[in-house]
């Protein structure tokens, strides 16, 4: 998510603007940092996956909004602008990474047991 925010979100005539030049880029970075930090701090709990899920969904919403906004601006500016301006790889990477972060949070919620639950499960198993 951070690499996507640092990369070009729009390119025109060989000049690029990164996501950090827009509030949306900073929102994606903020969601990534906050989601990852809260995941690390609460990783012992199964519910920790909720943080990357929410952060990923928030980042996805921002990236989709920015992509839509830039696309509409390019199309509305006429044929010359449409041929000279492109959405940058950074925005596409940010979008893919935010979706991936949300999916990883959902998988954590479903597949990763909490440490307490893992201890209880191991206490219930018969000894070999």
Residue within the stretch 19-29 that is within 25 Å of residue 88 (Cα to Cα), modelled with pLDDT under 90 and not in a helix (DSSP H, G or I) present: yes
Residue match in the stretch 7-16 (condition: surrounded by 15 or more Cβ atoms within 10 Å (Cβ to Cβ), assigned to a helix (DSSP H, G or I) and modelled with pLDDT of 90 or more): no
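The values are calculated or read from the model by the stated rules, or taken from the named source; none is laboratory data. Computed from a predicted model, the values in this text were never measured in an experiment. Note that each Cβ is placed from the backbone with ideal geometry, even for glycine, and that neighbours are counted across all protein chains shown.
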